1. If residue 313 passes every condition in (1) within 25 Å of residue 215 (Cβ to Cβ); (2) surrounded by 15 or more Cβ atoms within 10 Å (Cβ to Cβ) but one, which one does it miss?
2. What is the residue count in region 59-88 for residues that are surrounded by 19 or more Cβ atoms within 10 Å (Cβ to Cβ) and either among the hydroxyl-bearing types (Ser, Thr, Tyr) or out of contact with any helix residue (DSSP H, G or I) (no Cβ under 8 Å at 6 or more places or on another chain) (or both)?
3. Identify all residues within region 103-121 that are among the aromatic types (Phe, Trp, Tyr) and touching a residue at least 12 places away in the same chain (Cβ under 8 Å); write none if there are none.
4. Do we find a residue being of a type in the set (A, V, I, L, M, F, W, C), outside the structural domain of residue 235 (by TED's automatic domain parsing) and not in a helix (DSSP H, G or I) anywhere in region 62-84?
5. Looking only at region 8-39, count every residue that is within 26 Å of residue 328 (Cβ to Cβ), of a type in the set (D, E, K, R) and not in a loop (DSSP other than H, G, I, E, B) and tell me the total.
6. State which residue pairs qualify: first residue in contact (Cβ under 8 Å) with a residue 60 or more places away in the chain and among the charged types (D, E, K, R) and inside region 175-200, second residue crowded, with 20+ Cβ neighbours inside 10 Å and in a loop (DSSP other than H, G, I, E, B) in any location, beta carbons under 8 Å apart, and separation of 6 or more residues or different chains.
7. Taking residue 147 as meeting all but one of (1) surrounded by 14 or more Cβ atoms within 10 Å (Cβ to Cβ); (2) farther than 27 Å from residue 90 by Cβ; (3) modelled with pLDDT of 95 or more, write down the number of the exception.
8. For region 266-294, which residues satisfy the criterion of being closer than 15 Å to residue 306 by Cβ and either of a type in the set (D, E, K, R) or outside the structural domain of residue 176 (by TED's automatic domain parsing) (or both)?
Amino acid sequence: MPGENFRWRMLGAALYMAGHIPSLDQYDGVIVTSLFNLADFKALIGPSCPPVMVYFHENQLTYPQPKGDRSAFMLGMINITTALVADQVVFNSNTHREAFLSAVPEFLNRGKDFRPEGITDKIRSKSFVLYPGITLPRQEKVVARTQNSPPLIIWNHRWGFDKNHRLFFSVLEELNAQGLDFQVALMGENFSKIPEEFVRAREILKDRIVAFGYVASREDYIRWLKKGTVVVSTAIQENFGMSVIEAVIMGCFPLLPNRLSYPEILPAEFHAHCLYKNRNDLLEKLSRIITDVQGFSGIQTRLSERMASFLWENMIPAYDITLESLGSG
């Protein structure tokens, strides 16, 4: 199913799929995501259902909900029951795993009576972490960035409120007011009306913006990453950070908040240079990098080499082992 209408996917996909998968008993295993009501699916299929793995790339217990959204409690309960009936519960980072498991008791305690107990332990006992693999062309060696052209700041995240683009643009506007030389590529997906902050940024930053909107061609997207000097995240929600890792492998220097999954995916030796504490720290670090690109090229090259461990060619053995264990279940 296409990756859209996620609320309807969580509510209706199990009913649809139960009627459209013939001879399920011939399968060795089933893989679903956390946007699927596995409890409903298994009830509809019955005892012929093979072992099932659920992969949690997001969850509705810890996801920052938009103001006025009343569906969070119902969708959060679907996440919990899905994890309970799965044979394997896989998370895309340990940060995500611990955040979800820690949120379960508090979530269930919102019930007025007959609160279930021991749910967290049941889920934890069959849960583990399996990082997503990154698909990128094979690199000979990252080319060190130079100061021959304006430094290029990469934004390759979804244009959603949880990526906190307001903070990002406030920092860029200050750099612009200081007269610093830079360009910015605003990529990433947007599934609705263009947020007003992006419209305002285009008016203020003008010719500094060299890309604006989703880059449909994978080849063009990778070319932008290769041109990039620094990739910035200001997210308030991130369970892994695939777009950041893509940019870093391609040679961009990362500036990331010192929270969420970023301290986990980034090797500890790079934390001091690449993780920021607050807005002022981000402003200072970004200013320093774009005014001394070559001074950070050594760190940039070493980090690119280290983050290549997330490429599919390096991750696939762990997936082979996991899928074999599910099928032999």
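1. If we test residue 313 against (1) within 25 Å of residue 215 (Cβ to Cβ); (2) surrounded by 15 or more Cβ atoms within 10 Å (Cβ to Cβ), just (2) comes out false.
2. Filtering region 59-88 for residues surrounded by 19 or more Cβ atoms within 10 Å (Cβ to Cβ) gives 59-61, 75-76, 78-80, 82-83, 86, 88.
This time we only want the ones that are either among the hydroxyl-bearing types (Ser, Thr, Tyr) or out of contact with any helix residue (DSSP H, G or I) (no Cβ under 8 Å at 6 or more places or on another chain) (or both), so: 82.
Of the residues in region 59-88, 1 are surrounded by 19 or more Cβ atoms within 10 Å (Cβ to Cβ) and either among the hydroxyl-bearing types (Ser, Thr, Tyr) or out of contact with any helix residue (DSSP H, G or I) (no Cβ under 8 Å at 6 or more places or on another chain) (or both).
3. Here is the first cut: in region 103-121, the ones among the aromatic types (Phe, Trp, Tyr) are 107, 114.
Selection gives 107 alone.
4. The initial filter retains those residues of region 62-84 that are of a type in the set (A, V, I, L, M, F, W, C), namely 72-75, 77-78, 80, 83-84.
Filter again for outside the structural domain of residue 235 (by TED's automatic domain parsing), leaving 72-75, 77-78, 80, 83-84.
Filter once more, so that each one left must be not in a helix (DSSP H, G or I): none.
Scanning region 62-84 turns up no residue that is of a type in the set (A, V, I, L, M, F, W, C), outside the structural domain of residue 235 (by TED's automatic domain parsing) and not in a helix (DSSP H, G or I).
5. 1
6. 181/151
7. For residue 147, the exception is condition (3).
8. 269
The values are calculated or read from the model by the stated rules, or taken from the named source; none is laboratory data. Only a predicted model underlies this, so the values are computations on that prediction, with no experimental measurement involved. A quick note on method: Cβ atoms are made from the backbone with ideal geometry, for glycine too, and the neighbour counts reach across all protein chains shown.
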